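Trainee: The structure is given below, and queries will be raised subsequently.
The values are calculated or read from the model by the stated rules, or taken from the named source; none is laboratory data. Please read all numbers here as calculations on a predicted model, not as lab measurements. We place every Cβ from the backbone using ideal geometry, glycine too, and count neighbours over all the protein chains shown.
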Amino acid sequence: MGQWVELVADDGHRLDCYSTIPETEIKGGLVVIQEIFGVNAHIRAVAEGFAKEGFAVAAPSLFDRLERHVELDYTPEGVANGRKMRVELGWDRPATDLKAAIDYLRKYGKVATVGYCWGGSLAWLSACRLSVAASVSYYGGQIVQLLEEKPKCPLMLHFGEKDDYIPPSDIEKIKASFPSAEVYIYNAGHGFSCEARADYHPESAEVARARTIDFLEKSLITT
């Protein structure tokens, strides 16, 4: 099981981070980037799942700059509150906090990022601005706002073809912006990898997870 640790960002901000380190041989570091609902039970379970695969994991609480211990429900009210905080934070401050998590994991080898929903867009941003070996994005709806920033590492992107928030035209723009990215589209909606969401699609989630783990292992493990 993981534990909460405190990170210090370059600007002095202190933030909580859920960290889980495997007892077996470590394949590298992995920053798990939250949805707009905080580092909740789902994100902590995701972190634990990757740790069981041999990754040293850190899931920073990106909302700590506004409010600590944020765990929102998957309800219209939770979505509204999460979106409000996301907009208020902007992009620069979360990127600074992600760097703190990346630096925390450096001692375990190469570091990658994986993000979901808002975190999926931040995964793209981390690939552009931060020093990571690879990045994986799940249904990042704001990536189209960041296309002027180009990724500097291998990138894998997962989308649902039934996603009401990400139209096919956005996916095509993303693919054109970074043609070397591995892009997969599933017969599913937004949030298909989260058991707590209405669009959860077990088959798609399983396939995407297997692809993600294989991609991360190839990117992080030095042969």
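Trainee: On the given criteria, is Ala198 at pLDDT below 95 and within 21 Å of Asp73 (Cα to Cα)?
Mentor: yes
Trainee: If you don't mind, there's one more thing I want to ask. Take the residues in segment 176-210 that are of a type in the set (A, V, I, L, M) and touching a His at 6+ places or on another chain (Cβ under 6 Å); name whichever of them is farthest from Glu53 (Cα to Cα).
Mentor: Within segment 176-210, the match that is farthest from Glu53 (Cα to Cα) is Ala188.
Trainee: If you don't mind, another one. In this structure, does Val87 turn out to be surrounded by 20 or more Cβ atoms within 10 Å (Cβ to Cβ) and at pLDDT 95 or above?
Mentor: So Val87 does not fit the description; no.
Trainee: What are the pairs with Cβ atoms under 7 angstrom where one residue, in segment 122-135, is in contact (Cβ under 8 Å) with a residue 12 or more places away in the chain and surrounded by 24 or more Cβ atoms within 10 Å (Cβ to Cβ) and the other, located anywhere, is among the acidic types (Asp, Glu) and in a loop (DSSP other than H, G, I, E, B)? Sequence gap at least six, or different chains.
Mentor: Short answer, once both residue conditions are applied: Leu125/Glu149.
Trainee: Say we look at segment 1-12 and pick out the residues that are of a type outside the set (Val, Ile, Thr) and under 21 Å from Asn40 (Cβ atoms); which of these is surrounded by the most Cβ atoms within 10 Å (Cβ to Cβ)?
Mentor: Only one residue fits best here, namely Leu7.
Trainee: Moving on. Based on this model, can you work out whether Val31 counts as β-branched (Val, Ile, Thr) and either farther than 20 Å from Tyr104 by Cα or surrounded by fewer than 16 Cβ atoms within 10 Å (Cβ to Cβ) (or both)?
Mentor: no
Trainee: Something else about it: Please state which of the following conditions Val87 fails to meet, knowing it meets all the rest: (1) more than 27 Å from Ala205 (Cβ to Cβ); (2) aliphatic (A, V, I, L, M); (3) touching a Phe, Trp or Tyr at 6+ places or on another chain (Cβ under 6 Å).
Mentor: (3)
Trainee: To continue, here is another question. Just give me the residues in segment 195-210 being assigned to a helix (DSSP H, G or I) and more than 15 Å from the chain's Cα centre (by Cα), in sequence order.
Mentor: Matches in segment 195-210: Pro202, Glu203, Ser204, Glu206, Val207, Ala210.
Trainee: Just give me the residues in segment 54-83 being in contact with a helix residue (DSSP H, G or I) (Cβ under 7 Å, 6 or more places away or on another chain) and closer than 14 Å to Asn40 by Cα, in sequence order.
Mentor: Once the filter is applied, which keeps residues that are in contact with a helix residue (DSSP H, G or I) (Cβ under 7 Å, 6 or more places away or on another chain) and closer than 14 Å to Asn40 by Cα, segment 54-83 yields Ala58, Ala59, Pro60, Leu62, Phe63, Val70, Leu72.
Condition check ((1) surrounded by 14 or more Cβ atoms within 10 Å (Cβ to Cβ); (2) touching a strand residue (DSSP E or B) at 6+ places or on another chain (Cβ under 6 Å); (3) modelled with pLDDT under 95; (4) of a type in the set (Gly, Ala, Ser)) across all residues:
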| site | (1), (2), (3), (4) |
| --- | --- |
| His158 | yes, yes, no, no |
| Lys173 | no, no, no, no |
| Tyr186 | yes, yes, no, no |
| Glu206 | no, no, no, no |
| Arg209 | yes, no, no, no |
| Glu217 | yes, no, no, no |
| Thr223 | no, no, yes, no |
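Trainee: If you don't mind, there's one more thing I want to ask. Out of segment 87-131, which residues are closer than 19 Å to Arg14 by Cα and of a type in the set (D, E, K, R)?
Mentor: Matches in segment 87-131: Glu88, Asp92, Arg93, Asp97, Lys99, Asp103, Arg106.
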